[in-house]
1. Among the numbered criteria (1) under 21 Å from Leu216 (Cα atoms); (2) open to solvent by 20 Å² or more (accessible area, probe 1.4 Å); (3) at pLDDT 95 or above, which single criterion is violated by Leu51?
2. Out of the residues in the stretch 183-201 that are touching a Phe, Trp or Tyr at 6+ places or on another chain (Cβ under 6 Å) and of a type outside the set (Ser, Thr, Tyr), which is least open to solvent (accessible area, probe 1.4 Å)?
3. For the stretch 75-90, which residues satisfy the criterion of being at pLDDT 95 or above and at negative phi?
4. When you check Ala198 against the structure, is it of a type outside the set (D, E, K, R), under 29 Å from Gly78 (Cβ atoms), touching a Leu at 6+ places or on another chain (Cβ under 9 Å) and assigned to a helix (DSSP H, G or I), yes or no?
5. Which residue pairs have Cβ atoms closer than 6 Å, lie 6 or more positions apart in sequence or on different chains, and pair a first residue in the stretch 194-211 that is closer than 30 Å to Pro120 by Cβ with a second residue that is in a loop (DSSP other than H, G, I, E, B) and not aromatic (Phe, Trp, Tyr)?
Amino acid sequence: MRGLLVLLLALLCGTARAQQLQLLVFPNPGLFDVAADGTVSGPGAELLAKLGRVSGVPLGIQALPIPRALATASATPGSCAVGLSRTPEREAAFHWAGPLASGALVVYARADETQALNGPLDLRGHGVVVQRESAAANWLREQGIAAQEVNNSVTALRMLQARRVDFWFVNEIAAERVIRAEGGAPLKHQLTLGRVDAYVACHSATPREPVDRLHLAIQKLRRQGELAEFGLR
(Lines give C-alpha, C1' and ligand atoms only; values in the text may rest on other atoms or scores of the structure.)
Protein backbone atom coordinates (compact mmCIF):
# COMPACT_ATOMS: atom_id res chain seq x y z
CA MET A 1 0.00 0.00 0.00
CA ARG A 2 2.80 2.43 0.89
CA GLY A 3 4.48 1.76 -2.46
CA LEU A 4 1.26 2.54 -4.31
CA LEU A 5 0.89 5.83 -2.44
CA VAL A 6 4.45 6.81 -3.32
CA LEU A 7 3.78 6.07 -7.01
CA LEU A 8 0.58 8.13 -7.02
CA LEU A 9 2.32 11.06 -5.36
CA ALA A 10 5.09 10.91 -7.94
CA LEU A 11 2.55 10.92 -10.76
CA LEU A 12 0.52 13.78 -9.31
CA CYS A 13 3.36 15.98 -8.13
CA GLY A 14 5.85 15.33 -10.91
CA THR A 15 8.73 14.54 -8.56
CA ALA A 16 10.56 12.56 -11.24
CA ARG A 17 11.19 13.62 -14.82
CA ALA A 18 9.17 11.54 -17.26
CA GLN A 19 10.33 10.18 -20.60
CA GLN A 20 9.54 12.40 -23.57
CA LEU A 21 6.59 11.34 -25.71
CA GLN A 22 6.11 12.21 -29.37
CA LEU A 23 2.47 13.13 -29.97
CA LEU A 24 1.28 12.53 -33.52
CA VAL A 25 -1.69 14.63 -34.62
CA PHE A 26 -3.75 14.64 -37.80
CA PRO A 27 -3.68 17.96 -39.73
CA ASN A 28 -7.06 19.68 -39.44
CA PRO A 29 -7.35 23.42 -40.18
CA GLY A 30 -8.82 25.32 -37.26
CA LEU A 31 -7.83 22.56 -34.84
CA PHE A 32 -4.29 21.49 -35.76
CA ASP A 33 -2.86 24.01 -38.24
CA VAL A 34 0.44 23.03 -39.88
CA ALA A 35 2.92 25.65 -41.15
CA ALA A 36 5.29 25.09 -44.07
CA ASP A 37 8.12 24.28 -41.64
CA GLY A 38 5.99 21.63 -39.89
CA THR A 39 5.16 23.74 -36.84
CA VAL A 40 1.77 22.79 -35.40
CA SER A 41 -0.51 25.48 -33.95
CA GLY A 42 -4.20 26.01 -33.23
CA PRO A 43 -6.49 25.13 -30.31
CA GLY A 44 -5.51 21.46 -30.38
CA ALA A 45 -1.80 22.27 -30.16
CA GLU A 46 -2.46 24.73 -27.33
CA LEU A 47 -4.30 22.02 -25.42
CA LEU A 48 -1.40 19.58 -25.85
CA ALA A 49 1.08 22.21 -24.66
CA LYS A 50 -1.06 22.74 -21.57
CA LEU A 51 -1.22 18.98 -21.08
CA GLY A 52 2.56 18.85 -21.10
CA ARG A 53 2.81 21.56 -18.46
CA VAL A 54 0.22 19.98 -16.17
CA SER A 55 1.58 16.44 -16.50
CA GLY A 56 5.27 17.31 -16.35
CA VAL A 57 5.85 15.04 -19.35
CA PRO A 58 8.08 16.49 -22.11
CA LEU A 59 6.00 16.36 -25.29
CA GLY A 60 6.92 16.70 -28.93
CA ILE A 61 4.16 17.38 -31.47
CA GLN A 62 4.27 16.27 -35.09
CA ALA A 63 1.51 16.41 -37.70
CA LEU A 64 1.22 13.39 -40.00
CA PRO A 65 -1.46 12.02 -42.31
CA ILE A 66 -3.60 9.45 -40.53
CA PRO A 67 -2.03 6.34 -42.16
CA ARG A 68 1.52 7.48 -41.30
CA ALA A 69 0.56 8.55 -37.79
CA LEU A 70 -1.05 5.19 -37.04
CA ALA A 71 1.86 3.27 -38.57
CA THR A 72 4.37 5.26 -36.51
CA ALA A 73 2.42 4.95 -33.25
CA SER A 74 2.05 1.21 -33.87
CA ALA A 75 5.76 0.67 -34.58
CA THR A 76 7.68 3.16 -32.43
CA PRO A 77 7.80 3.10 -28.60
CA GLY A 78 7.35 6.60 -27.21
CA SER A 79 5.03 7.60 -30.06
CA CYS A 80 1.36 8.38 -29.40
CA ALA A 81 -1.50 9.02 -31.81
CA VAL A 82 -3.78 11.84 -30.62
CA GLY A 83 -7.51 11.66 -31.31
CA LEU A 84 -7.82 7.91 -31.75
CA SER A 85 -11.07 6.11 -31.02
CA ARG A 86 -10.84 3.12 -28.68
CA THR A 87 -11.93 -0.09 -30.39
CA PRO A 88 -11.60 -3.79 -29.41
CA GLU A 89 -9.03 -4.50 -32.11
CA ARG A 90 -6.87 -1.56 -31.01
CA GLU A 91 -7.20 -2.04 -27.25
CA ALA A 92 -4.16 -4.26 -26.61
CA ALA A 93 -1.92 -2.49 -29.13
CA PHE A 94 -1.68 0.76 -27.14
CA HIS A 95 -1.50 2.32 -23.71
CA TRP A 96 -4.43 4.74 -23.45
CA ALA A 97 -4.85 8.16 -21.83
CA GLY A 98 -8.06 10.14 -21.82
CA PRO A 99 -10.56 10.66 -23.26
CA LEU A 100 -9.23 14.01 -24.44
CA ALA A 101 -12.27 14.97 -26.55
CA SER A 102 -15.79 13.79 -27.36
CA GLY A 103 -17.86 14.69 -30.39
CA ALA A 104 -21.00 13.68 -32.22
CA LEU A 105 -20.79 11.77 -35.47
CA VAL A 106 -22.55 14.02 -37.95
CA VAL A 107 -23.67 13.65 -41.56
CA TYR A 108 -23.23 16.90 -43.50
CA ALA A 109 -24.90 17.79 -46.78
CA ARG A 110 -24.75 20.82 -49.03
CA ALA A 111 -27.18 23.54 -48.04
CA ASP A 112 -29.27 22.91 -51.18
CA GLU A 113 -29.50 19.13 -50.67
CA THR A 114 -33.13 17.98 -50.90
CA GLN A 115 -32.62 14.28 -50.13
CA ALA A 116 -33.85 13.63 -46.57
CA LEU A 117 -32.15 11.11 -44.31
CA ASN A 118 -34.39 9.47 -41.72
CA GLY A 119 -31.68 7.17 -40.40
CA PRO A 120 -28.15 5.97 -41.10
CA LEU A 121 -29.20 3.18 -43.44
CA ASP A 122 -30.56 5.85 -45.81
CA LEU A 123 -26.92 6.53 -46.68
CA ARG A 124 -26.91 3.33 -48.73
CA GLY A 125 -26.78 4.04 -52.44
CA HIS A 126 -25.43 7.57 -51.96
CA GLY A 127 -21.94 8.93 -52.38
CA VAL A 128 -20.44 9.30 -48.90
CA VAL A 129 -16.97 10.58 -48.01
CA VAL A 130 -15.25 9.85 -44.71
CA GLN A 131 -11.79 10.31 -43.23
CA ARG A 132 -9.70 7.15 -43.33
CA GLU A 133 -9.25 5.23 -40.03
CA SER A 134 -11.72 7.49 -38.22
CA ALA A 135 -14.55 6.40 -35.94
CA ALA A 136 -16.96 7.40 -38.70
CA ALA A 137 -15.16 5.17 -41.22
CA ASN A 138 -15.22 2.24 -38.79
CA TRP A 139 -18.94 2.77 -38.17
CA LEU A 140 -19.75 2.72 -41.88
CA ARG A 141 -17.73 -0.47 -42.41
CA GLU A 142 -19.58 -2.17 -39.55
CA GLN A 143 -22.90 -1.22 -41.19
CA GLY A 144 -21.76 -2.43 -44.60
CA ILE A 145 -22.16 1.06 -46.11
CA ALA A 146 -19.72 1.89 -48.89
CA ALA A 147 -17.83 5.19 -48.67
CA GLN A 148 -14.88 6.96 -50.24
CA GLU A 149 -12.08 7.20 -47.66
CA VAL A 150 -9.69 10.15 -47.80
CA ASN A 151 -6.66 11.17 -45.73
CA ASN A 152 -7.87 14.49 -44.36
CA SER A 153 -10.91 16.60 -43.57
CA VAL A 154 -10.10 19.31 -46.12
CA THR A 155 -10.29 16.81 -48.99
CA ALA A 156 -13.60 15.48 -47.65
CA LEU A 157 -15.04 18.98 -47.33
CA ARG A 158 -14.01 19.96 -50.86
CA MET A 159 -15.41 16.76 -52.34
CA LEU A 160 -18.81 17.50 -50.82
CA GLN A 161 -18.78 21.14 -51.86
CA ALA A 162 -17.77 20.17 -55.41
CA ARG A 163 -20.69 17.70 -55.62
CA ARG A 164 -18.38 14.72 -56.04
CA VAL A 165 -20.27 13.05 -53.15
CA ASP A 166 -23.67 13.55 -51.56
CA PHE A 167 -22.77 13.40 -47.87
CA TRP A 168 -19.82 13.77 -45.50
CA PHE A 169 -19.76 11.64 -42.32
CA VAL A 170 -17.41 13.08 -39.70
CA ASN A 171 -16.78 13.98 -36.07
CA GLU A 172 -18.32 17.41 -35.53
CA ILE A 173 -15.33 18.72 -33.53
CA ALA A 174 -13.07 18.33 -36.56
CA ALA A 175 -15.74 19.32 -39.08
CA GLU A 176 -16.90 22.58 -37.51
CA ARG A 177 -13.38 23.94 -37.31
CA VAL A 178 -12.33 23.02 -40.83
CA ILE A 179 -15.58 24.44 -42.24
CA ARG A 180 -14.89 27.78 -40.52
CA ALA A 181 -11.24 27.78 -41.58
CA GLU A 182 -11.72 26.76 -45.22
CA GLY A 183 -15.04 28.42 -46.13
CA GLY A 184 -16.64 27.60 -49.47
CA ALA A 185 -20.19 26.52 -50.27
CA PRO A 186 -22.38 26.34 -47.13
CA LEU A 187 -23.24 23.01 -45.54
CA LYS A 188 -25.95 21.79 -43.18
CA HIS A 189 -26.31 19.07 -40.55
CA GLN A 190 -28.33 16.28 -42.07
CA LEU A 191 -28.14 13.63 -39.34
CA THR A 192 -26.46 13.07 -35.96
CA LEU A 193 -25.51 9.55 -34.87
CA GLY A 194 -24.33 9.30 -31.26
CA ARG A 195 -20.97 10.39 -29.87
CA VAL A 196 -17.44 9.07 -29.93
CA ASP A 197 -14.57 9.69 -27.50
CA ALA A 198 -11.04 10.45 -28.68
CA TYR A 199 -7.97 9.28 -26.75
CA VAL A 200 -4.20 9.51 -26.72
CA ALA A 201 -2.94 6.07 -27.82
CA CYS A 202 0.74 5.29 -27.11
CA HIS A 203 2.74 2.34 -28.41
CA SER A 204 2.37 -0.60 -26.02
CA ALA A 205 6.13 -0.69 -25.32
CA THR A 206 6.07 2.90 -24.09
CA PRO A 207 6.72 3.07 -20.32
CA ARG A 208 3.45 3.35 -18.43
CA GLU A 209 4.64 6.11 -16.10
CA PRO A 210 4.50 9.04 -18.59
CA VAL A 211 1.25 7.73 -20.07
CA ASP A 212 -0.28 7.55 -16.59
CA ARG A 213 0.84 11.13 -16.00
CA LEU A 214 -0.91 12.21 -19.18
CA HIS A 215 -4.07 10.41 -18.09
CA LEU A 216 -4.10 12.11 -14.68
CA ALA A 217 -3.42 15.50 -16.26
CA ILE A 218 -6.31 15.04 -18.71
CA GLN A 219 -8.62 14.23 -15.81
CA LYS A 220 -7.45 17.36 -13.98
CA LEU A 221 -8.05 19.59 -17.02
CA ARG A 222 -11.51 18.10 -17.43
CA ARG A 223 -12.42 18.81 -13.79
CA GLN A 224 -11.27 22.40 -14.30
CA GLY A 225 -13.56 22.78 -17.32
CA GLU A 226 -10.69 23.19 -19.77
CA LEU A 227 -11.89 20.43 -22.10
CA ALA A 228 -15.38 21.89 -22.56
CA GLU A 229 -14.59 23.25 -26.03
CA PHE A 230 -13.55 19.72 -26.98
CA GLY A 231 -16.86 18.23 -25.91
CA LEU A 232 -15.98 17.11 -22.37
CA ARG A 233 -17.52 18.60 -19.25
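The values are calculated or read from the model by the stated rules, or taken from the named source; none is laboratory data. Since we're looking at a predicted model, the values are computed, not measured. Positions of Cβ are generated from backbone atoms using ideal geometry, with glycine treated the same way; all protein chains shown enter the neighbour counts. Heads up: the accessible areas ignore ligands, DNA and RNA and are worked out on the full protein's heavy atoms, side chains in. Shrake-Rupley method; radii C 1.70, N 1.55, O 1.52, S 1.80 Å.
1. Condition not satisfied by Leu51: (2).
2. Within the stretch 183-201, the first condition is being touching a Phe, Trp or Tyr at 6+ places or on another chain (Cβ under 6 Å), and the residues that meet it are 187, 199, 201.
Still in the running and of a type outside the set (Ser, Thr, Tyr): 187, 201.
Values: Leu187: 38, Ala201: 0 Å².
Result: Ala201.
3. Those that are at pLDDT 95 or above and at negative phi: Ala75, Thr76, Pro77, Ser79, Cys80, Ala81, Val82.
4. Numbers: of a type outside the set (D, E, K, R): yes; under 29 Å from Gly78 (Cβ atoms): yes; touching a Leu at 6+ places or on another chain (Cβ under 9 Å): yes; assigned to a helix (DSSP H, G or I): no.
When the stated conditions are applied, Ala198 does not pass them.
5. Filtered contacts from the stretch 194-211: Val196/Ser85; Tyr199/Arg86.
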